[in-house]
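To start, the structure itself, in structure tokens.
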Amino acid sequence: MSVSIHCLHALTETRRWGWSVTLGMVLVALVSGCSTLGERSPALPRSPITVAVGPVILEAPITKPGRIYSFDETPSPEEEPMLLAQLVDEIETNAQRFLTEQLTRQEGITVVPFQDTRRLQADLAAPRTPLTEAQIRELGSRTGADLVVTGLIHDYGVVRWQYWVAGWLAHVAVATTIVGFASGWNPAVVGAYLAIDATTDFPLWWGGASVFGFAFRPVRLHVDAIQRTNCEGLIWTGEELAVRVPGKTLAEYPPDQRGRKEIQLEANLRHATEDLAEVAGKALRLQPCDAEGRPEKVSTFSVLSFLDWLF
């Protein structure tokens, strides 16, 4: 079983951190950027395919616009619902556009233009609504696409409790064992370590922290690819969790904007779509049909999907 190159790079980067953050970042790296392990090549030879990128729905439980946007003045409770709806619409539009742009850069894939897909999906479903199987089939038919790609943003701004609790507990178990053996299990030393660890690591795992000059704005994106040519069905899924805001991407924004929540989250959203599109570009192609008339799936293993199932 092989691990993707960008995953190995993320693990290597953790050497720059101290023990407390290093152990935490190793666990983050396992679920941030390691969307698939042990991929196999599909049976059919590579041939050009046409892809339509459908809606990307934000399903993260966000109740306050201030969680995802840096306001100069705090909005009133009456204004918050309208502002939140506008922000969510902008995030979903950006996610669909970013994914379209990144897939366009992949060899062997022709992507239906973003504006064409947006116009057609507006006729099929209400805004912020995932497409049904019939609507996906209709979108594919109208665009002439071999595959229709849709997405869900599971987390935006904070890490869902399953992940940060599991990651933090695993980190604490390992780190406490090290401190315990080093101190002869001195209660004062172990207790002091746990107190310091809790105050410094909770912001990191929960999200929204800035540590050693690095910003942490978690974005978790899930993507499905549905085949509609020859036989119809889901053939590939991918997930990407971007936690640390990439400095290279953030540098594309004006310096006075880089500290804003919405800019940092957008940078991680862009980063997540880029990584997923790169994996999809290597994996997606028309799949043969099985005995039941369904397309064979591209075999992948997702750490994030496993945690979804586990919890």
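The values are calculated or read from the model by the stated rules, or taken from the named source; none is laboratory data. Everything quoted here is computed from the prediction, not taken from an experiment. Glycine also receives a Cβ, built like all others from the backbone with ideal geometry; neighbour counts cover every protein chain displayed.
Scanning the stretch 216-241 for residues that are surrounded by 23 or more Cβ atoms within 10 Å (Cβ to Cβ) and touching a Pro at 6+ places or on another chain (Cβ under 7 Å), we see that the one that is modelled with the lowest pLDDT is Leu241. Among the numbered conditions (1) over 21 Å from Arg67 (Cα atoms); (2) outside any loop (DSSP other than H, G, I, E, B); (3) hydrophobic (A, V, I, L, M, F, W, C), the only one that Ala267 does not meet is (1). Of the residues contained in the stretch 192-215, none is found to be within 20 Å of Ile91 (Cβ to Cβ), modelled with pLDDT of 75 or more and of a type outside the set (Ser, Thr, Tyr). Just the residues that are closer than 23 Å to Glu59 by Cβ, in contact (Cβ under 8 Å) with a residue 60 or more places away in the chain and polar (S, T, N, Q), please, taken from the stretch 71-112. Asn94, Gln102 - these are the residues of the stretch 71-112 that are closer than 23 Å to Glu59 by Cβ, in contact (Cβ under 8 Å) with a residue 60 or more places away in the chain and polar (S, T, N, Q).
What's the total number of residues in the stretch 72-99 that are in a helix (DSSP H, G or I), over 17 Å from Arg220 (Cα atoms) and among the small types (Gly, Ala, Ser)? So the answer is 1. Of the residues making up the stretch 114-132, those that are in contact (Cβ under 8 Å) with a residue 12 or more places away in the chain and over 27 Å from Pro65 (Cα atoms) are Asp116, Thr117, Leu120, Leu124. For the stretch 67-99, a residue qualifies if it is surrounded by 17 or more Cβ atoms within 10 Å (Cβ to Cβ) and small (Gly, Ala, Ser), and exactly one does: Ala95. Yes or no: the stretch 266-275 includes at least one residue that is in contact with a Ser or Thr (Cβ under 8 Å, 6 or more places away or on another chain), within 28 Å of Ala134 (Cβ to Cβ) and modelled with pLDDT of 95 or more. No, because not a single residue in the stretch 266-275 is in contact with a Ser or Thr (Cβ under 8 Å, 6 or more places away or on another chain), within 28 Å of Ala134 (Cβ to Cβ) and modelled with pLDDT of 95 or more. Test Thr150 against the stated conditions and say whether it is modelled with pLDDT of 75 or more and part of a helix (DSSP H, G or I). Answer is no for this residue. Just one of the numbered conditions (1) acidic (Asp, Glu); (2) farther than 17 Å from Gln106 by Cα; (3) in contact (Cβ under 8 Å) with a residue 60 or more places away in the chain is not true of Glu252: (3).
The set of residues in the stretch 123-140 that are surrounded by 15 or more Cβ atoms within 10 Å (Cβ to Cβ) and part of a loop (DSSP other than H, G, I, E, B) comprises Ala125, Pro130, Leu131. Within the stretch 280-299, the set of residues being in contact with a helix residue (DSSP H, G or I) (Cβ under 9 Å, 6 or more places away or on another chain) and at pLDDT 90 or above comprises Ala280, Gly281, Leu284. Screening Ala277, Ala283, Ala291, Ala272 for residues that are in contact (Cβ under 8 Å) with a residue 40 or more places away in the chain, over 19 Å from Ser47 (Cα atoms) and of a type in the set (A, V, I, L, M, F, W, C) leaves exactly one candidate, Ala272.
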